[in-house]
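J.: So that we are looking at the same thing, I have put the structure below in structure tokens.
Please treat every number below as a calculation from the coordinates, not as lab data. Every value quoted in this text rests on a predicted model; they were computed, and no experiment measured them. Positions of Cβ are backbone-derived with ideal geometry, glycine not excepted, and every protein chain shown enters the neighbour counts.
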Amino acid sequence: MNILIVHETEYVDKVIYEYQIISEILSTRGHNVYVIDFPTNWSKAGQNNWISKEASFPNISRAKKSNSITLIRPAFIRIPAISRITAYISYFFLIEKTIREYKISHIILFSVPTNGFQTIVLAKRRKIPVLYRSLDVSHQIVPSPLLRFPTMMLEKFVYRYSDKISAITHKLMEYVIRNGAKPENCSFLPTGADADIFYYRPKDKQLLEKHSLSETDLILLFSGTLYHFSGLKEIICAIPTKLPEIPNLKLLLVGGGEQYEELKELVNKLGLQDRVMLTGFVDYLEVPRYINSADICINPFLINDVTNIIFPSKIYQYLACEKPVIATKLRGMLDIFSSDKQDSGVHYFETLDEFFNLVQRIKRVRIKSSSPSLQEITTVIEQELHSMKTNESGKIGVS
């Protein structure tokens, strides 16, 4: 198959998740894979030109699985806010050109506001089936409140006219159906961990020494992007009052993002430099070393419209490394690991006292892995693509 994967965020500089991993696994299985993204880090590139030209980059590898990906980027004006608007227009020409030039037979769509509409319209015109992969609620993560309503309208369009929709939680599947998707076209398919690198191994003594940690420490770990809804600020603020009960407690934060500087300042303010370690972003292949050096992994996301029905992929990475997990009760997580399922390795909390009580109770327990692999998930997506026939109507109807 000649597969086009369309997203509206970085392929190369973005934190690695199924977007890059599935793309490269499909490439290793003999498919020709082309990725259209948006270079969200353009302002950091140090270029003085106002216009970024359309560009194509062969032999790209981000997840270190295949160097056969062709990455394609739109032309746009390099001015904040204007960049997305101009890219929105140029995507019409870029996607059409890519479909024609590379004889695209199937499309996997991850995005909505920036290039989802164009993808659906052009795919219908060419009678190419589209599989939409639902990872989150798009309009809720749009930064500008003014753009959330139009993004919701675009969501409904994408849901209605995608040939198939694969959602990572049952709640997301229910959401896309409520917003226009045909139930018969929708399915639940979880995300997972990259089984090639996420698996149990002993603690890495060298890594512990690097961060002034020891095997006698009780190490909590959070891995991933540090969003303002991470819930880590609340955990850090509570640590000083919990040290008399848990004197060997350490918190290792592996990742960077919008909350990094705020958390770093908080740690310094509270004098917790020897208790809370922030690594910044680390190489993807290093993440399993960090997870396996922890005793308990955490996901204390604040529950809101953005987080509630998603399933953070880090959970599967934690479980694949056979680590117990403490997490808030996101509905998307409860869908898959119910609160009364004691053998899953996932433990839920609602208050900070409950969180630290779980820390003391769980301590050093190795759990049986219950994480699906992205290799298995890719196989299902590959089968879905094979089953999707050319759209005979090629029309977008109105009812």
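J.: Counting Lys and Arg as +1 and Asp and Glu as -1, what is the net charge of the other residues whose Cβ lies under 10 Å from the Cβ of PRO300?
T.: Residues close to PRO300 contribute a combined charge of 0.
J.: Relative to the Cα centre, what is the charge dipole magnitude of the chain, using +1 at the beta carbon of each Lys and Arg, -1 at the beta carbon of each Asp and Glu, and rounding to the nearest 20 debye?
T.: Values: 48 positive and 42 negative charges, 188 e Å.
The calculated dipole for the chain is roughly 900 debye.
J.: Something else: Going by amide H atoms built from the backbone, whose H comes under 5 Å of the H on LEU330, apart from near neighbours?
T.: none
J.: Pop out the ³J(HN,Hα) list for the range 104-115 in order, Karplus 6.51 cos²θ - 1.76 cosθ + 1.60 with θ = phi - 60°, rounded to Hz; leave Gly and Pro as x.
T.: Taking θ as phi minus 60°, the curve returns 4, 9, 9, 10, 10, 10, 9, 10, 10, x, 7, 8 Hz for the range 104-115.
J.: Within the range 59-103, list the trypsin sites (Lys or Arg not before Pro) lying in a DSSP loop whose Cβ has at most 13 other Cβ atoms in a 10 Å radius.
T.: Here the sparse-neighbourhood loop sites are LYS103.
J.: How charged is the neighbourhood of ASN41? Take every other residue with its Cβ under 15 Å from the Cβ of ASN41, and add Lys/Arg as +1 and Asp/Glu as -1.
T.: +1
J.: Around SER105, what is the net charge, scoring Lys/Arg as +1 and Asp/Glu as -1 over all other residues with Cβ under 14 Å from its Cβ?
T.: +1
J.: Sticking with this one: For labels at GLU286 and ASP343 in the simple 7 Å Cα→Cβ model, what's the distance in nm?
T.: 3.8
J.: Under a point spin-label approximation (7 Å from Cα along Cα-to-Cβ), what is the ASN304-GLU245 distance to one decimal in nm?
T.: With each label point 7 Å from Cα toward Cβ, the separation is 2.8 nm.
J.: Just the number, please: percent antiparallel of the DSSP beta bridges in the chain, rounded to the nearest 5. Provide the component values of the computation, followed by the final result.
T.: Numbers: 7 of 49 bridges.
The antiparallel fraction comes to roughly 15 percent.
J.: Calculate the all-directions average of the projected area of the chain's alpha-carbon convex hull, and give it in nm².
T.: Approximately 19.9 nm², given one-decimal rounding.
J.: Still on this structure, please answer the following. Among MET173, MET1, MET277, MET333, what is the fewest-to-most ranking by other Cβ atoms within 10 Å?
T.: Ranked by crowding around the Cβ, least crowded first: MET1, MET277, MET173, MET333.
J.: Ordered by packing density, taken as the mean number of other Cβ atoms within 10 Å over each peptide's residues, highest first, how do 231-238, 164-171 rank?
T.: Highest mean packing first, the order is 164-171, 231-238.
J.: May I pose another question? In whole Hz, what ³J(HN,Hα) sequence does the range 240-249 give by Karplus (6.51, -1.76, 1.60; θ = phi - 60°), x for Gly and Pro?
T.: x, 7, 9, 4, x, 7, 10, x, 9, 6
J.: Once you order the gyration tensor axes a ≥ b ≥ c over the Cα atoms, which shape class does the range 205-371 get: rounded for a/c under 1.5, otherwise prolate or oblate by comparing a/b with b/c?
T.: rounded
J.: Next question, about the same structure. How high is the relative contact order of the range 1-132, in percent, with contacts defined as C-alpha pairs under 8 Å that are six or more residues apart?
T.: Relative contact order, the range 1-132: 29 percent.
J.: Expected output is a single nm value to one decimal: the length gained when fully extending between PHE57 and THR351, i.e. 0.36 nm times separation in residues minus the C-alpha distance. What is it?
T.: Taking PHE57 through THR351 to full extension adds about 101.0 nm, to one decimal.
J.: If you place +1 on the Cβ of every Lys and Arg, -1 on the Cβ of every Asp and Glu, and leave all else neutral, what size is the dipole of the range 65-130 about its Cα centre, to the nearest 20 Debye? Intermediate values should be presented prior to the final figure.
T.: Values: 11 positive and 2 negative charges, 28 e Å.
Computed about the Cα centre, the dipole is about 140 debye.
J.: Can you list residues from other chains, or at least 5 along the same chain, whose modelled amide H is less than 5 Å from the amide H of CYS186?
T.: ILE165
J.: So, one more: When ranked by the protection proxy of mean other Cβ atoms within 10 Å per residue, highest first, what sequence do the peptides 52-58, 315-321, 23-29, 380-386 form?
T.: 315-321, 23-29, 380-386, 52-58
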